[in-house]
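Some notes on the structure that comes next.
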Amino acid sequence: QIWCGPAMGAFNTWSAGSFLAEPENRGVVQVARNLLEGAAVVTRAHQLRTFGVPVPPAAFDFRPRPLG
């Protein structure tokens, strides 16, 4: 057993129901690209909301997806 704190649990919750739910699909590149793209999408949505643009709550819910 490897202790990893709450990060692994948060990742498992985030990836549940997606292709990343299965450990064999969790390659370094797929995980990294999903985390980076998700961070960029959520950051941009927050930036737009800060500028007064009406942004729907769904814009802050980035789900993992296969990235090419």
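Taken together, the values in this text are just the output of simple stated rules run on the coordinates, not laboratory data. These numbers were taken from a predicted model, which means no experiment stands behind them. A quick note on method: Cβ atoms are made from the backbone with ideal geometry, for glycine too, and the neighbour counts reach across all protein chains shown.
Taking the numbered list (1) out of contact with any Asp or Glu (no Cβ under 8 Å at 6 or more places or on another chain); (2) surrounded by 11 or more Cβ atoms within 10 Å (Cβ to Cβ) in turn, residue 62 passes all entries but (1).
In the stretch 1-28, the qualifying residues are those that are in a helix (DSSP H, G or I) and touching a residue at least 24 places away in the same chain (Cβ under 8 Å), and the one that is surrounded by the most Cβ atoms within 10 Å (Cβ to Cβ) is 20.
Name the residues in the stretch 43-66 that are without any contact (Cβ under 8 Å) to a residue 40 or more places away in the chain and under 9 Å from the mean Cα position of the chain (by Cα), would you?
Keep residues of the stretch 43-66 that are without any contact (Cβ under 8 Å) to a residue 40 or more places away in the chain, which gives 43-62.
Across the stretch 43-66, the qualifying residues are 61, 62.
For the stretch 34-59, a residue qualifies if it is surrounded by 13 or more Cβ atoms within 10 Å (Cβ to Cβ) and either among the polar types (S, T, N, Q) or closer than 17 Å to residue 16 by Cα (or both), and the qualifying residues are 34, 35, 38.
If we keep just the residues of the stretch 24-47 that are touching a helix residue (DSSP H, G or I) at 6+ places or on another chain (Cβ under 8 Å) and of a type in the set (A, V, I, L, M, F, W, C), which is nearest to residue 11 (Cα to Cα)? For the stretch 24-47, the residue satisfying everything is 31.
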